[in-house]
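Structure, as structure tokens:
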Amino acid sequence: MSGLRERAGALGALQAVALLIALFLDANLALILFVWFAAWQINIQFSESRTARAMAGRLFVAALFGLTLLLLWEMTVRIYDVPLVILPAPSEIATRFAGSLAILWKDFVQTFVKGALTGYVMGCGAAVLMAIAVDRSPFLQRGLLPVGNFMAALPIIGTAPILVMWFGFGWQSKAAVVVVMVFFPVLVNTVQGLHATERMQRDLMHTYAASYWQSLFKLRLPAAMPFMFNGLKIASTLALIGAIVAEFFGSPTLGMGFRISVSVGQLQLDMVWAEITVAALAGSAFYGAVAFAEKKVTFWHPSQRG
Amino acid sequence: MLRNLAAVLSVIAALVVVWYLAVVPMNMHEALTQAERAGEVIDPPTARERRDIGGLTLLRNNPGYAGGTFSQDRPRLPSPHQVLIELYETTIEKNITSKRSLVYHGWITLSATLLGFAIGTGAGILLAVGIVHNKAMDMSVMPWAIASQTIPILAIAPMIIVVLNSIGMQGLIPKAMISAYLSFFPVVVGMVAGLRSPQISQLDLMHTYSASRAQVFWRLRLPASMPYLFTSLKVGIAASLIGAIVGELPTGAVEGLGARLLAGSYYGQTIQIWAALFGAAILAASLVALIGWVQALTLRKMGMAR
């Protein structure tokens, strides 16, 4: 414990020296540094305290760090008069966000609900069906796994211009890009998951005289769930990326990717940041929803217990 | 090994066959239009009547013209040999300094990828070391590092490019920044898991040797983290390449694989798009394979090979 305090003291001394130097150079810089160091020390103090061990304490430390970043961002932009075209302040972004809720909602529906979500459901569904279809042929699996792994590492996003050419500028082409992007990660994980059962478990199903389908639905699919959800979680991030980037190659006059590229062209960076906020919220919420479903479905798995 | 190879090859062969079969209905409209211009009688006779009829129906009515689908200049779906020929012509036959050489464009993208990957990996490892040794840093930064993986970071790419452009940075650096950003978080998360992978008993042993923190780090934690590091490096390099390609899209860049994709989609040069896509795929596969090779070499030297 004493070693810890010593190191905290050394850090404090370093910070004090930095503050003094900054004070000579530029009073504003010293102010920003002061806020930063103060928040840093609070976080150190708090993370060593007893409350930090509880869930709420952990959330508080993380939230404090986030808020500090926002505050420093706001101060830097205000104090140094950073022009809007380079970096808007968080408050400006919030104002723009609140002022254009209608546009943001329409873009969200176009890109997320129509493009990403439709493609996600279709792509993941097709991948799971495909995995079950090749499940009976070990030969196909041995061939499909390396190819699928290979495809999952490729820049599949590059198919976007081709798919936009085939399916038009509407949401259908975005959904198609998402289908291609999510297909391989889900396929590879599901195929692996279907092998997750142990010999003894399969033998038990055999002694019950269970048919192929019975042992598939009662044993192997449930056992594959942790793997499948791993793929589904990876795919949830890919889906939104695919839908947004596909819009850079052509879209109707709405959608998050369209708005981002147009607003960048008009140097309305506050609008870009507002869209990015929407994308961040939608992305985390989507991932959170999949993770929540995983918790409910695979409650029996060791990683979900305690 | 040989059985696996046979399985992989037959899956690839099946994919190529499906591709060739798909070429016919996809390009049937164009093939019939060309035949009509050449004075042949086709059912139905005009392009306008054929527009709303599916490719398969057209094929059934005019089976004699299927051959024309494999050799068009701007097919909706180029056939595999067309793409191979284009790849050969733009890599082997063209001088590598020529603007039409795929090697030239690939190098532009590769240099941004490698620079960004180096920056992102270096920063990621440093942050991971900080997180493992500093509780406050762990509790503040780690939740954000994990949450940020659920956010479609690629959506920010066009803005980073334009903002850096407006403060006078062009070419390599902005793309490398996006690459760095994309490879950063996988490395942080993987490296933190790796540095924490030594078991309590191993750490206790180091304690009984009265090893300092630096010694524990260099002798135990760092070697133990190597398998984790290489796994995240593979994810990181693939993400870096995607970042560099997407980074070339928004400004209408004139060089790089992304620019080839974009130019191809503007001018309907589908064969060029597919060739650039395959170029990117080959690049990604070689980079991942290269890291896999270094991994096998390093782990064998360290006696950790499985």
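The values are calculated or read from the model by the stated rules, or taken from the named source; none is laboratory data. Owing to the predicted nature of the structure, the values given are computational and were not obtained by experimental measurement. Glycine also receives a Cβ, built like all others from the backbone with ideal geometry; neighbour counts cover every protein chain displayed.
Worth a mention:
- Members of segment A:181-212 found to be of a type in the set (Val, Ile, Thr) and touching a residue at least 60 places away in the same chain (Cβ under 8 Å), listed by number: A:Val182, A:Val186, A:Thr190, A:Val191
- Output for segment A:263-283, where each listed residue is facing chain B (nearest Cβ under 10 Å) and surrounded by fewer than 17 Cβ atoms within 10 Å (Cβ to Cβ): A:Gly265, A:Leu267, A:Leu281
- Within segment A:247-296, if we keep just the residues that are over 20 Å from A:Thr237 (Cα atoms) and among the β-branched types (Val, Ile, Thr), the residue that is modelled with the lowest pLDDT turns out to be A:Val264.
- Which numbered condition A:Phe299 misses (of (1) crowded, with 17+ Cβ neighbours inside 10 Å; (2) out of contact with any Pro (no Cβ under 8 Å at 6 or more places or on another chain)): (1)
- Residue that is farthest from the chain's Cα centre (by Cα), among those in segment A:235-258 that are more than 10 Å from every other protein chain (Cβ to nearest Cβ) and either without any contact (Cβ under 8 Å) to a residue 40 or more places away in the chain or over 19 Å from A:Pro161 (Cβ atoms) (or both): A:Thr253
- In the condition set (1) in contact with a Ser or Thr (Cβ under 6 Å, 6 or more places away or on another chain); (2) more than 14 Å from every other protein chain (Cβ to nearest Cβ), B:Gly122 is compliant with all but (1).
- When B:Leu164, B:Leu172, B:Leu154 are checked against the criterion of being at pLDDT below 85, farther than 19 Å from A:Ile157 by Cβ and within 12 Å of chain A (Cβ to nearest Cβ), a single residue qualifies: B:Leu164.
- Qualifying positions in segment B:165-192 - surrounded by fewer than 20 Cβ atoms within 10 Å (Cβ to Cβ) and either more than 22 Å from the chain's Cα centre (by Cα) or on the phi < 0 side of the Ramachandran plot (or both): B:Asn165, B:Ser166, B:Ile167, B:Gly168, B:Met169, B:Gln170, B:Leu172, B:Ile173
Per-residue answers, yes or no, for (1) part of a helix (DSSP H, G or I); (2) under 22 Å from B:Ser225 (Cα atoms):
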position	(1), (2)
B:Val141	yes, yes
B:Ala145	yes, yes
B:Pro158	yes, no
B:Gly168	no, no
B:Pro174	yes, no
B:Phe184	yes, yes
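- Residues located in segment A:237-258, provided they are among the hydroxyl-bearing types (Ser, Thr, Tyr) and crowded, with 24+ Cβ neighbours inside 10 Å: A:Ser251
- Per-region count, segment B:31-56, residues surrounded by 10 or more Cβ atoms within 10 Å (Cβ to Cβ) and more than 37 Å from the chain's Cα centre (by Cα): 11
Residues are listed down the side, and each one gets a yes or a no for (1) closer than 17 Å to A:Met165 by Cβ; (2) in contact with a Leu (Cβ under 9 Å, 6 or more places away or on another chain):
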position	(1), (2)
B:Tyr20	no, no
B:Val23	yes, yes
B:Ser71	no, no
B:Leu77	yes, no
B:Ile92	no, no
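- Residues in segment B:1-30 that are more than 10 Å from every other protein chain (Cβ to nearest Cβ), surrounded by 17 or more Cβ atoms within 10 Å (Cβ to Cβ) and under 24 Å from the mean Cα position of the chain (by Cα): there are none.
- Hits in segment B:142-156 (condition: touching a residue at least 40 places away in the same chain (Cβ under 8 Å) and of a type in the set (A, V, I, L, M, F, W, C)): B:Met142, B:Ala145, B:Ile146, B:Leu154
- Residues in segment B:60-90 that are without any contact (Cβ under 8 Å) to a residue 40 or more places away in the chain and among the polar types (S, T, N, Q): B:Asn61, B:Asn62, B:Ser71.
- Top-ranked residue of segment B:282-306 - restricted to ones that are among the small types (Gly, Ala, Ser) and not in a helix (DSSP H, G or I), ranked as farthest from A:Phe258 (Cα to Cα): B:Gly303
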